[in-house]
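> Would you mind keeping the following structure in view while I ask a few things?
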Amino acid sequence: MNTKTMVALLTFIGGSLPAACGKAKREKIQKEAQTTMELRNKWQGTCRPAPDLPEQFAISQWDFGADRGYTQRDMLHSDANCQTKTFTRTTRGTYELPNNRNQGTNDIDLMVKDLIITPDSADWVKKMNEGKDCQHTDWQAGVEQSVTGRDCPEGKIDRDTRIRDIYDIRDGKLYFGRRAFAVVGPAFDQRPTSVDTGTSYSQ
């Protein structure tokens with residue numbers, strides 16, 4: 001069901017709600033349905049410097065499901081053209097869309113369930129094992145390791161960490177709040193007030 005069909009259906013349903021519900025409530029239901037349908041998709045960014053990892057460059061992907069589950073995948077590279085992969089960082093969890101708070105943007109809360117690291121090169125495996133990254137010494141190329149709740153060079157994420165963010169969809173592109181990677185950004189409980197227009201994701 002596409003966005004227009006969903007909005008039309010809810011408009012019809014909204015018209016049959018008791019008058020006590022009021023116009024504002026119907027409009028809220030319709031808007032929430034529309035923004036949810038717009039977000040549900042697979043989004044991919046372009047190669048850019050990784051703000052939390054010096055000398056690393058990342059291509060990030062987001063997948064928002066109809067079941068309110070999400071997957072964020074950051075594919076890290078050692079070169080500015082994102083040709084030489086070093087490791088992949090995957091975050092899985094659920095998301096909620098609280099009441100709209102910012103004019104022109106939408107609030108989103110991400111609840112982290114698992115954080116996974118996958119080394120993508122032999123050199124990076126050696127580096128991670130020697131450094132005991134995330135308290136592991138058995139890293140293998142292409143093999144996932146859960147690092148949820150572990151101390152890692154780029155920080156620690158506990159299970160059920162809630163990351164408060166905002167998003168906006170403009171001209172078919174998805175933008176998030178202005179700060180570091182949503183996965184390891186500072187002050188998770190402080191919701192950004194503006195989107196980062198320099199970083200976008202396309203379907």
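Each value in this text was obtained by applying a stated rule to the coordinates, not by laboratory testing. In this text the structure is predicted, and so the values were computed from the model without any measurement. Glycine also receives a Cβ, built like all others from the backbone with ideal geometry; neighbour counts cover every protein chain displayed.
> Taking amide H atoms as placed 1.01 Å from N in the peptide plane, list the residues 5 or more away in sequence, or in a different chain, whose amide H sits under 5 Å from that of residue 93.
70, 113
> Now for a different question. Residue 151 to residue 79: FRET efficiency via 1/(1 + (r/R0)^6), r the Cβ-Cβ distance, R0 45 Å, to the nearest 0.05?
0.95
> Using θ = phi - 60° and the Karplus curve 6.51 cos²θ - 1.76 cosθ + 1.60, what whole-Hz ³J(HN,Hα) does each residue of segment 114-122 get, with Gly and Pro shown as x?
7, 10, 10, 10, 10, x, 10, 8, 5
> Tell me which aspartates and glutamates have Cα within less than 18 Å of residue 132's Cα, excluding those fewer than 8 residues away on the same chain?
120, 123, 144, 151, 154
> Across segment 107-113, in residue order, what do the Karplus-derived ³J(HN,Hα) couplings come to in whole Hz, using 6.51 cos²θ - 1.76 cosθ + 1.60 with θ = phi - 60° and x for Gly and Pro?
Ordered by residue, 3J(HN,Hα) equals 6, 9, 10, 10, 9, 6, 10 Hz.
> Give the long-range amide H neighbours of residue 86: residues separated by 5 or more places, or on another chain, with amide H under 5 Å away, using H modelled in the peptide plane at 1.01 Å from N.
Placed amide hydrogens put 76, 77, 78 under 5 Å from residue 86.
> Further question: Among the listed pairs 113/156; 42/173; 126/156; 113/173, give every one whose C-alpha distance is greater than 19 Å.
Details: 113/156 13 Å; 42/173 11 Å; 126/156 21 Å; 113/173 26 Å.
In this structure, 126/156; 113/173 exceed 19 Å between Cα atoms.
> Using each residue's phi in segment 91-98, evaluate 6.51 cos²θ - 1.76 cosθ + 1.60 at θ = phi - 60° and report the 3J(HN,Hα) Karplus result to the nearest Hz, with x for Gly and Pro.
For segment 91-98, the Karplus curve yields 10, 10, x, 10, 9, 10, 10, x Hz.
> Given +1 on the Cβ of Lys and Arg, -1 on the Cβ of Asp and Glu, and no further charges, what dipole in debye does segment 42-202 carry about its Cα centre, rounded to the nearest 20? Mind dumping the intermediate values first?
Working: 22 positive and 25 negative charges, 55 e Å.
Here the size comes out at about 260 debye.
> On full extension of the chain, what length is gained from residue 173 through residue 196, given 0.36 nm per residue of separation minus the C-alpha to C-alpha distance? Mind dumping the intermediate values first?
Values: separation 23, 0.36 × 23 = 8.28 nm, distance 1.19 nm.
Fully extending the segment from residue 173 to residue 196 adds 7.1 nm.
> Express in nm, to one decimal, how much length is gained between residue 140 and residue 40 on full extension, taking 0.36 nm for each residue of separation and deducting their alpha carbon distance. Don't skip to the answer; put the middle values down first.
Numbers: separation 100, 0.36 × 100 = 36.00 nm, distance 3.31 nm.
Using 0.36 nm per residue and subtracting the Cα-Cα distance, I get 32.7 nm.
> What number results when the radius of gyration of segment 42-202, computed over Cα atoms, is divided by 2.2 N^0.38 Å? List each step's numbers first, then the result.
Working: Rg = 15.7 Å, N = 161, 2.2 N^0.38 = 15.2 Å.
Its radius of gyration relative to the 2.2 N^0.38 Å reference: 1.03.
> Here is a follow-up. Hey, rough spin-label estimate for residue 126 and residue 96, points 7 angstrom out along Cα→Cβ, what's it come to in nanometres?
Calculated label separation equals 4.7 nm.
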